[in-house]
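Notes follow the structure.
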Amino acid sequence: MAAKKTGVLLANLGSPTAPTPKAVRRFLKAFLWDPRVVNLPRPLWWVILHFFVLPFRPRKSALAYRKIWDEKGSPLIFLTLQLAERVADKLNAKGVSTEHVMRYGEPSIAKQLKAFKKAGIDNLIILPLYPQYSSTTTASIYDDVIKELNQWRHLPNIQFISDYHQHSHYIDAVAESIEQHWLEHGKNELLLMSFHGLPEQLTQWGDPYFHQCHKTAVLIAEKLGIDQKQWMIVFQSRFGKAQWLKPYCVDTLQDLPGQGIKTIDIVCPGFAVDCLETLEEIAMENKAIFIASGGVEYRYISALNDSETHVDAIVNLIEQKL
């Protein structure tokens with residue numbers, strides 16, 4: 001019997017094709033219409049989306065994207081590509097094909113699955129590049145994979161890695177990146193670990209994201225050998241009027257200088273690669289908020305991106321499924 005041919009999809013969120021209102025509107029329309037992302041009744045949300053969000057938000061978001069746009073394009077896109085290429089270099093020797101895909105935009109999940117099918121791939125490993133599981137992100141990728149595979153007559157073997165929030169190689173990689181930053185720049189008074197926020201209601205409905213974020217943060221702190229007074233967990237990117245996961249990043253940054261904490265380091269362990277939420281929101285906008293509130297020094301520690309330790313962590317995750 002011939003050996004099975006394995007294909008790996010490294011899946012990320014996606015990005016607008018350009019830092020323009022038109023391109024951002026197209027991206028937001030696809031992203032925000034996903035029922036996994038916004039859980040409101042469809043008729044109500046359609047009205048809100050088309051009359052209160054899409055007419056205004058794309059222009060504001062486009063300005064934010066322009067601040068971080070690179071000659072290679074969107075950081076999330078090219079950094080995910082670079083990571084996938086380095087992972088592919090290590091897995092090629094094992095006869096494994098590795099590609100990157102985006103949940104919203106290109107390269108699409110459906111298109112790459114069709115390419116794998118044409119290439120005779122019959123063993124499929126899907127790894128969403130979200131260390132912590134959320135129904136708004138990880139489950140949405142699963143939905144898109146199944147949407148395509150439901151049209152196939154002959155299904156491949158499928159392995160879906162739903163999270164790696166406490167995977168030792170991932171924890172080691174994040175801790176090492178923080179230690180390297182401290183070695184090069186010195187260590188500030190407090191380390192903030194900032195994760196993307198979600199509505200609190202999702203936790204009540206059984207989404208494990210909040211608990212997995214806390215587990216990740218505790219494991220990183222233990223690896224660094226720092227006590228509870230030397231680090232905090234916060235949640236960023238709040239949207240709308242509903243209660244979201246707390247403590248809020250912005251509120252914390254405004255309060256810390258008044259509590260005597262005037263120098264901080266901040267890292268975002270929930271982001272595999274740098275993107276709008278890390279490069280513009282955390283590294284620029286939130287830094288300005290902290291300094292304006294009386295802070296003295298604020299240093300953002302980059303995402304793992306295509307670092308050697310990150311590549312090794314991803315490869316280890318995949319190899320466990322081979």
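The values are calculated or read from the model by the stated rules, or taken from the named source; none is laboratory data. Values in this document were obtained by computation on a predicted structure and should not be read as measured data. So basically every Cβ, Gly included, is an ideal-geometry build from the backbone, and we count neighbours across all protein chains shown.
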Just to verify a result, which residue in region 282-322, among those that are part of a helix (DSSP H, G or I) and of a type in the set (Val, Ile, Thr), is farthest from Ile77 (Cα to Cα)?
Ile291
Which one is farthest from Gly270 (Cα to Cα) among residues in region 167-190 that are in contact with a strand residue (DSSP E or B) (Cβ under 8 Å, 6 or more places away or on another chain) and assigned to a helix (DSSP H, G or I)?
His185
Checked region 188-203 for anything more than 28 Å from Tyr133 (Cβ to Cβ) and in contact with an Asp or Glu (Cβ under 7 Å, 6 or more places away or on another chain); matches are Asn188
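Which one is modelled with the lowest pLDDT among residues in region 92-110 that are farther than 18 Å from Pro75 by Cβ and in contact with a Leu (Cβ under 9 Å, 6 or more places away or on another chain)?
Only one residue fits best here, namely Lys94.
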Taking region 59-68 and keeping only residues that are more than 21 Å from Ser140 (Cβ to Cβ) and either among the acidic types (Asp, Glu) or crowded, with 16+ Cβ neighbours inside 10 Å (or both), one is left with Ala62, Ala64, Tyr65, Ile68
Please find, within region 211-230, the residue that is nearest to the chain's Cα centre (by Cα) out of those that are crowded, with 20+ Cβ neighbours inside 10 Å and not small (Gly, Ala, Ser).
Cys213
Exception for Ser97 within (1) over 18 Å from the mean Cα position of the chain (by Cα); (2) in a helix (DSSP H, G or I); (3) among the polar types (S, T, N, Q) falls at (2)
Under 8 Å between Cβ atoms, which residue pairs at least 6 apart in sequence (or on different chains) link something in region 190-210 that is assigned by TED's automatic domain parsing to the domain that holds Lys246 with a partner that is crowded, with 17+ Cβ neighbours inside 10 Å and of a type in the set (Lys, Arg)?
Gly197/Arg238
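Would you pick out the residues in region 77-113 that are on the phi > 0 side of the Ramachandran plot and crowded, with 19+ Cβ neighbours inside 10 Å? First the steps, then the outcome.
Initially, region 77-113 is screened for residues on the phi > 0 side of the Ramachandran plot, giving 95, 105.
The answer is Gly105, and nothing else.
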For region 258-276, name all the residues that are in a helix (DSSP H, G or I) and either within 21 Å of Ala313 (Cα to Cα) or touching a residue at least 40 places away in the same chain (Cβ under 8 Å) (or both).
Leu276
Is it fair to say Lys90 is farther than 28 Å from Ser307 by Cβ, in a helix (DSSP H, G or I) and not assigned by TED's automatic domain parsing to the domain that holds Gln212?
no
Test Gln180 against the stated conditions and say whether it is over 21 Å from Thr278 (Cβ atoms) and surrounded by fewer than 20 Cβ atoms within 10 Å (Cβ to Cβ).
no
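Could you tell me whether any residue of region 220-243 is assigned to a strand (DSSP E or B), touching a strand residue (DSSP E or B) at 6+ places or on another chain (Cβ under 7 Å) and among the hydroxyl-bearing types (Ser, Thr, Tyr)?
no
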Looking only at region 1-40, count how many residues are surrounded by fewer than 18 Cβ atoms within 10 Å (Cβ to Cβ), in contact with a strand residue (DSSP E or B) (Cβ under 9 Å, 6 or more places away or on another chain) and among the β-branched types (Val, Ile, Thr).
1
Checked against (1) touching a residue at least 60 places away in the same chain (Cβ under 8 Å); (2) assigned to a loop (DSSP other than H, G, I, E, B), Leu279 satisfies every condition except (2)
